[in-house]
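Heads up: the structure comes next, in structure tokens.
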């Protein structure tokens, strides 16, 4: 599993690219590093490229745990947005579930896409 993160302060966009088998522990560990970076800004919009991620290690109860961790660090004010790009039906379903759970605790908007360019267009217009 690998998660690479690019923070572009000029555009106000943070991009995560995930490849390989993703576990909740790996995801939270990677996010802890991002949230502690001096250039991290919770008001930045986020693009998650999950097209090459393997979600076979994820189970639905973990989605709520990830949501709780993210909202405690990313915020809930509705000032930032996230676009998630997936390639499989399984990943699409999991990310829609995450979107549903996030809306219960946050006003930040999340949208799931199957097309990278469409996601990038949406997130850069926010």
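Paramagnetic label reach from residue 10 (point 7 Å along Cα→Cβ; backbone nitrogen cut-off under 17 Å): within segment 91-124, residues 124. For the peptides 3-13, 87-97, residues were scored by their other Cβ atoms within 10 Å and the scores averaged per peptide; the highest-first order is 87-97, 3-13.
Annotation: the residues 110, 18, 59, sorted from fewest to most other C-beta atoms within 10 Å of their own C-beta, follow the order 59, 110, 18.
Sequence-distant contacts, meaning Cα pairs under 8 Å at least 6 residues apart, place the relative contact order of the chain at 24 percent. By the gyration tensor of its Cα atoms, with a ≥ b ≥ c the square roots of the eigenvalues, what is the shape of segment 42-126: rounded for a/c under 1.5, prolate for a/b over b/c, or oblate? Taking the square roots of the gyration eigenvalues as a ≥ b ≥ c, segment 42-126 is oblate.
Here, each number is a calculation from the coordinates, and none is a lab measurement. What you see is a predicted model, and the numbers here were worked out from it, not measured in a lab. No Cβ is skipped: glycine too gets one built from the backbone with ideal geometry, and neighbour counts run over all protein chains shown.
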